[in-house]
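First the structure, in the form of structure tokens, and then the observations on it.
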Amino acid sequence: MTAPIRPYASMSLDGYVAGPDDRPGQELAVGGGRLFDWLDDRTSPGVDGQMYGEALATGAVISGRRTFELAGRWNGDHHDGVPVLVPTHAVDDGDVPPGAAGFCTDVADCAARARAAAGDRAVMVHGAGAAHALLRAGELDETEIHLVPVLLGGGRRLSGAPTDRVERELVRRLDGRGAIHLRYRVRR
């Protein structure tokens, strides 16, 4: 079995994964921090702890360029030294990301490299742009949504582009404290 590629996204009821005005110094945007309150229980033995543990058990990360930069490039280590692959349209000469991070100019190649690095573990996707690109390329297998009962009223959406009109099948639902954790398989 090849490593499934899936976004792990905390999302508001109105479909936003970041509030309005996300930028350096305000990475989660206005109100966006509320999407991650469920992580207060990340070390608990309950469902929220399980979800956090699953995310940290991934074997590679694909991050959109915007997310990568807003996160300070994670100083080259998202978690446990796993590779962080960043699909991007262009790479400036001399721009070498730190640690285990690297740029890819081809989405399919990025997915193949991430799957190979992850082995039998899942590949985590960060960023709506990366998720869109992987979906368009036929490389997105699943979506993990941590649905938070809040309305942000604006911001950045995980889905909604015309190219995202793909059927998904619910394969898991777990109720945590402050979030419902939903996993969908992309129907092909």
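FYI, it's all coordinate maths here, none of it is from the lab. None of these values were measured; they are calculated from a predicted model. Don't worry about glycine lacking a Cβ; one is built from the backbone with ideal geometry, like all the others, and counts go over all protein chains shown.
Points worth noting:
- Selected from 33, 159, 53, residue furthest toward positive end of dipole (the chain; charges at beta carbon): 159
- Modelled FRET efficiency - R0 25 Å, residue 106 with residue 36, Cβ distances, 0.05 increments: 0.20
- Both radii come from the Cα set of segment 40-93: Rg as radius of gyration, Rh as Kirkwood radius; their ratio Rg/Rh reads 1.08.
- D (Stokes-Einstein, µm²/s), Kirkwood Cα radius, segment 18-72, 0.890 mPa s at 25 °C: 193
- Among 104, 110, the ranking by other beta carbons within 10 Å of each residue's beta carbon, starting with the fewest, stands as 104, 110.
- Translational diffusion of segment 1-109 was estimated from the Stokes-Einstein equation, with Rh taken as the Kirkwood radius over Cα pairs; at 20 °C and 1.002 mPa s the coefficient is 138 µm²/s.
- Summary value for the chain: 32 percent relative contact order, contacts being C-alpha pairs under 8 angstrom separated by 6+ residues.
- If both residues of a DSSP beta bridge must be in the chain, then about 45% of such bridges are antiparallel.
- Evaluating kT/(6 pi eta Rh) at 25 °C and 0.890 mPa s, with the Kirkwood radius of segment 78-122 over Cα pairs in the Stokes-Einstein relation, gives 218 µm² s⁻¹.
- Where the alpha-carbon atoms of segment 34-179 are placed on the principal axes, they occupy 46, 35, 31 Å, in descending order.
- Footprinting exposure proxy for 68, 103 (fewest neighbouring C-beta atoms within 10 Å first): 103, 68
- Long-range amide H partners of residue 10 with built H, under 5 Å: 146
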